[in-house]
Each structure stands twice: as C-alpha cells, then as structure tokens.
Amino acid sequence: MRYVQLAHNYRDPATGQPKAEILKSLGRDDEVDVEALKRLVRSVERYLSPDDGLQRQAARAHGDEVRLLDSRPLGGAWVLQHLWSELGLGRAVEKVAAGRAFQMPVERALFAMVANRALAPGSKLAVEEWVREDVALPGLQDVPVHQLYRAMDLIHDAEEEVQREIYYSVADLLNLEVDLLFFDTTSSYFEIDGEDQPDGEDEDYVLRRRGHSKDHRPDLAQVVIGLAVTREGIPIRCWVWPGNAADVARVQEVKRDLIGWRLGRVVTVLDRGFMSEENLRELQRAGGHYIVGERMQSGKEAVEAALARPGRYQKVRDNVEVKEVVVGDGEARIRYIMVRNPQQEARDRQEREQLLERLKAELERLRSPEGGGHGKDACRLLTHTTYGPFLKQGKDGLPRIDREKVKAMERLDGKYLLRTSDDTLAAADVALGYKQLLEVESAFRSLKQTLQLRPMHHRLSRRIRAHVVICWMALLLIRVAEHRAEIAMKDAPTWDRMRRELDRMHLGTLGGAAGTFQLRSETRPFQAQLFTALKVPEPPKVHTASTPAAL
C-alpha cells in the first residue's frame with residue numbers, strides 16, 4: 001500500500017543532513033483526489049512568471065522536450081482589438097480606404113498605432129519595433145514605418161469622413177445620449193525655435209504657432225486641440241487648430257461640423273475661457289444653445305445684479321443647491337443659475353478665516369520696529385496673489401485689511417454662476433450638466449498623461465493632425481473600457497490599472513519535437529473580472545500550431 005504526501009526537503013542546520021518535512025498527507029494513491037491536485041497546481045502556478053507558467057503548461061502537454069522561444073504581453077492588445085471591432089472602428093477605416101489605391105493592410109497599420117498609444121506610447125519608428133518584438137497584436141506580426149505614415153496620410157486626407165463614420169458606428173452601438181455635448185480646448189506645445197510660417201501655404205493650415213498657452217509655455221509654438229464629449233465621457237469628435245487661432249473661429253467650426261451629424265438638440269457646455277458675447281452669439285446660431293460659466297468677479301452689471309438678487313435655493317442632490325435668476329427683459333434678457341455647495345461654502349469660510357489670521361500676523365510684524373515699515377515687505381503684501389485681494393493701502397502708506405473686500409468675498413463662498421440660453425432646461429439640469437465638464441478635463445488628462453499626446457515627433461501639419469486623431473481614437477477605446485468597468489465593477493479601475501493587469505497575460509511561442517505552437521498564460525481572477533466587465537471574451541489558450549517541417 002502506497003500513500004501520497006506533499007513534502008518539503010531542507011537541510012538540517014545542526015547536522016547538515018537533508019530532511020523531509022511532511023506538509024500535507026493526501027491519502028492512499030488509489031484514493032487521491034486528482035482534481036484537487038490539479039487545483040493545487042494551478043493555485044501555485046499563479047505565482048510564477050508568465051514565462052515559467054507557459055513552460056510548465058507546455059511540458060505537461062507535449063513532454064519535456066519543449067523550449068520557450070518567445071513570450072509577449074497579450075491581454076491589453078486583445079481587449080483593444082475586440083473593442084476596435086465591436087465599435088466598428090475597423091469597418092469605418094476600411095470603408096474610407098475603399099476606392100483608394102492601397103497595397104497594404106491600412107486598417108491593421110492604423111490599429112497598431114492606436115494600440116501603441118493606449119499600451120506603450122512611442123514614436124512611429126518605435127511602433128515598428130514594438131509590433132515586431134514586444135507585443136502579441138492580433139492579425140499583425142510586422143509593420144514597416146512607411147506603412148504607418150501611409151495610414152496617417154489616409155487619416156489626414158479623410159479626417160472628417162473617418163470621424164463621422166466612427167461617430168455613427170459608436171453612437172448607434174452604444175446608444176449614446178448626444179443631446180448634451182461638453183466641449184473644451186487645450187494646447188500642446190513643441191520645443192522648437194520660433195514658429196512655422198505660411199510660406200505659400202494657407203495660413204490657417206500652418207499649425208505650429210504661438211498663442212495663449214494652457215501649458216503655461218507662451219514662449220513656444222503650439223497647436224490647439226478641441227474635444228467634444230458626451231455626458232458619459234465618451235469623446236465623439238476632435239479638432240486641431242493653429243496655436244494662434246481665435247476663440248470665435250473655433251466655435252464657428254465646431255458648430256458647422258456638428259450640424260451635419262445626426263444629433264438632436266445640442267447644448268454646448270463651455271468653461272469660462274470661452275465667455276465672450278461674440279462666442280455666445282455664434283453658439284446660438286443654427287438653433288444651438290449653451291451653458292457657460294460666468295466670472296463672478298467680472299464687474300459686469302448683469303452679474304452684479306444676479307449676485308445681489310435674493311431667493312431660495314433648491315436642493316438638487318447632496319452638496320448641490322440651485323437658484324434661478326433672470327436679469328433684464330426682451331433681447332437683453334439673461335438667464336442665470338446660481339449654484340451653491342454648502343460643504344464647499346464652509347470650507348471656503350474656514351480657509352479665509354485662517355488666511356486672515358496669517359495676514360494679521362504679517363501686518364503686525366510689518367508695523368513692528370523690526371518690520372521695515374514702508375519697505376519691500378509692504379509692496380510684497382499689497383501685490384501678493386493670495387493676500388493682495390484682501391488689502392488696501394492706508395493713508396500712512398501701509399497695507400491694511402479692507403473689510404469691504406472681505407465682505408464681497410464672503411458672498412461668493414461655495415458658489416459659482418452659470419449662464420444658459422436654453423429656457424427649456426431645468427435649473428438642476430443646467431447645474432449637473434456643467435459639472436460634467438469635468439469629463440472633458442478628464443479626457444484631456446488622459447490624452448496628455450496616459451496616451452502621452454506630446455512630445456509629437458512630427459513637423460508636417462498633416463502628420464500632426466493625423467497624430468491627434470490617432471490619440472482621439474485610442475482615447476475613445478479606453479473611455480469605453482473605463483465606462484463599462486464603472487457600470488459593472490464596484491471599485492472600477494482606471495485604464496492604467498487595467499492595462500497593467502491585462503498585460504500580465506502573456507502569449508508564449510514554444511517549440512519542440514512535436515512542432516511549434518502558441519499558448520497563453522492562465523487567466524488570473526482579476527483578469528477574468530475585467531474580461532466580464534468589458535464584455536470581451538477570454539483569448540483562446542492555444543493560438544497557432546505548426547508541424548516540425550515548419551521549424
């Protein structure tokens with residue numbers, strides 16, 4: 001009679017002799033629970049590297065004469081490929097490419113650049129090596145860099161058509177609510193000397209120009225990028241303008257481009273950077289409406305009237321209360337929505353009180369014999385960005401706290417003011433719609449940080465435009481993934497976290513006497529949760545096989 005035991009061999013530190021420590025007795029060998037042993041082996045293999053795990057799986061399947069020839073991340077590219085196909089991006093590209101004389105897989109080349117942007121952002125030259133050496137990309141083993149540039153030229157030549165086809169496919173499939181769009185712009189700079197000049201080209205087409213920089217680099221040439229995002233945070237359209245493009249020109253183009261798309265009532269939500277009467281008039285043409293943030297310290301007569309108007313606030317949800325104020329009559333009529341956050345109001349009050357205490361201490365020090373009186377310290381306080389708004393200069397030339405300014409600040413605690421041209425929107429919808437402008441800001445952060453929009457390794461304007469569209473397509477895929485995770489998972493991960501976990505699933509190429517084949521690593525529990533949440537099937541365990549003659 002034989003018994004099966006799980007043992008651990010070690011060397012006795014006292015005698016130096018090897019000994020066996022019995023960890024678990026599994027019973028008689030004719031009664032061993034084989035399935036339980038398999039589960040134990042799988043549990044142990046979770047702690048192996050993808051390479052080690054693949055080798056052990058291959059050895060069990062094909063004997064010990066197996067060599068691991070290659071191992072690459074698979075999970076992230078697999079998810080992106082399924083979203084790419086499900087959302088119809090591949091079909092949209094193939095439809096646009098039809099009729100053009102391409103002797104290359106342009107759809108695969110474009111997907112390679114989009115997947116690289118979402119998984120391991122690099123230059124287009126780096127994409128060529130990445131595909132060949134570093135990733136298991138479905139349907140593509142190699143793509144020369146000149147094919148990548150050909151695919152970029154297609155994106156440039158048919159930019160409007162590509163974006164429209166993708167929007168129609170995504171909007172129908174996801175049943176997107178597009179009656180309310182959030183729009184904003186950002187800038188991306190180039191570390192070059194000077195700026196590009198028209199030199200015979202259309203001046204509006206030359207992109208790298210100096211202008212108002214949201215990256216705080218007015219010394220460098222830049223481009224301006226616009227993004228339209230749904231209330232779910234799904235980006236449906238992008239634009240690229242010269243770095244010196246005027247706000248009103250951007251607004252006109254956005255409205256013109258969206259008119260022909262099968263959109264219902266579009267209420268464009270803008271931040272205070274677009275707050276000009278000319279921009280607002282342009283937005284209302286062709287039946288459009290807007291929600292825009294208003295500067296409460298602008299000094300405008302209508303704003304002051306709105307701030308002074310009494311009235312009750314209505315609670316919309318926790319920490320959001322609204323009050324509607326209409327100023328003026330007829331064509332001069334302006335509809336404002338005052339929004340108050342009680343918790344933020346308390347925090348603003350506390351922060352101001354603490355600031356005033358510090359300011360009083362500074363003023364006392366200034367008036368002391370050691371303070372220096374009318375010296376540089378007094379000028380520093382009066383011009384200080386934090387302290388200055390609460391000060392005025394006394395008759396003796398010394399700064400002092402201006403109680404009228406403090407009182408004016410108190411009435412702004414926890415509040416912001418919105419202006420809208422749409423009388424059919426409830427005050428609550430206006431407030432909540434403006435809060436969703438954060439979705440655009442989140443999209444810009446993803447563009448600049450996760451997808452590494454810059455540095456742009458391009459000089460030609462057409463390549464810059466194509467690069468931005470590729471980044472937008474990658475952003476579309478990762479935002480759909482994040483949105484699905486938010487719906488299906490309690491602690492929804494960001495794309496960064498999903499990407500790291502998915503890329504721990506490897507595809508190994510193994511070779512031996514029986515031939516070569518590709519085998520993926522086992523699915524981890526968190527990976528299984530992600531596949532379910534993202535509505536993506538798990539990759540097959542065995543991908544390809546060949547006979548010994550193919551070696």
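The values are calculated or read from the model by the stated rules, or taken from the named source; none is laboratory data. Only a predicted model underlies this, so the values are computations on that prediction, with no experimental measurement involved. Here the Cβ positions follow ideal geometry from the backbone for every residue, glycine too, while neighbour counts run over all protein chains shown. Note: accessible area is taken over every heavy atom of the protein model, side chains too, but ligands, DNA and RNA are not part of it. Shrake-Rupley method; radii C 1.70, N 1.55, O 1.52, S 1.80 Å.
Taken over segment 246-272, residues that are out of contact with any helix residue (DSSP H, G or I) (no Cβ under 8 Å at 6 or more places or on another chain) and either modelled with pLDDT of 80 or more or assigned to a helix (DSSP H, G or I) (or both) amount to 7.
Could you tell me which of the residues Glu35, Glu31, Glu94 is at pLDDT below 80, of a type in the set (Asp, Glu) and in a helix (DSSP H, G or I)? Step by step, each of Glu35, Glu31, Glu94 is checked, and only Glu35 is at pLDDT below 80, of a type in the set (Asp, Glu) and in a helix (DSSP H, G or I). Kindly indicate which of Ile478, Ile464, Ile470 is surrounded by 14 or more Cβ atoms within 10 Å (Cβ to Cβ), in contact with a Ser or Thr (Cβ under 8 Å, 6 or more places away or on another chain) and closer than 22 Å to Leu110 by Cβ. Going through Ile478, Ile464, Ile470 in turn, the sole match is Ile478. The one condition from (1) assigned to a helix (DSSP H, G or I); (2) under 30 Å from Arg150 (Cβ atoms); (3) open to solvent by less than 70 Å² (accessible area, probe 1.4 Å) that Val440 does not meet is (2). Taking the criterion of being within 21 Å of the chain's Cα centre (by Cα) and either among the acidic types (Asp, Glu) or open to solvent by 40 Å² or more (accessible area, probe 1.4 Å) (or both), the only residue of segment 86-119 that qualifies is Glu86.
The rows are residues; the columns are (1) aliphatic (A, V, I, L, M); (2) surrounded by 15 or more Cβ atoms within 10 Å (Cβ to Cβ); (3) assigned to a helix (DSSP H, G or I); (4) out of contact with any Leu (no Cβ under 7 Å at 6 or more places or on another chain).
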| residue | (1), (2), (3), (4) |
| --- | --- |
| Glu353 | no, no, yes, yes |
| Leu359 | yes, yes, yes, yes |
| Leu366 | yes, yes, yes, no |
| Pro389 | no, no, yes, yes |
| Asp413 | no, yes, no, yes |
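Just one of the listed residues (Arg445, Arg484, Arg500) is part of a helix (DSSP H, G or I), within 30 Å of Val66 (Cβ to Cβ) and free of Cβ contacts under 8 Å to residues at least 60 places away in the same chain, and it is Arg500.
Could you please let me know if Glu486 is at pLDDT below 95, open to solvent by 40 Å² or more (accessible area, probe 1.4 Å) and not hydrophobic (A, V, I, L, M, F, W, C)? In short, yes. Checking the structure you have, find out if any residue of segment 292-315 is under 12 Å from Ala427 (Cβ atoms) and among the aliphatic types (A, V, I, L, M). No, that holds for no residue. The residue of segment 307-333 that is farthest from Ser276 (Cα to Cα), among those that are crowded, with 16+ Cβ neighbours inside 10 Å and modelled with pLDDT under 90, is Val316. Kindly indicate the residue of segment 527-551 that is out of contact with any His (no Cβ under 9 Å at 6 or more places or on another chain), assigned to a loop (DSSP other than H, G, I, E, B) and at pLDDT 75 or above and also farthest from Ala488 (Cα to Cα) among those meeting that condition. Ranking the candidates gives Lys541 first. Name the single residue, out of those in segment 376-387 being among the hydroxyl-bearing types (Ser, Thr, Tyr) and out of contact with any helix residue (DSSP H, G or I) (no Cβ under 9 Å at 6 or more places or on another chain), that is most open to solvent (accessible area, probe 1.4 Å). Filtering first and then ranking leaves Thr385.
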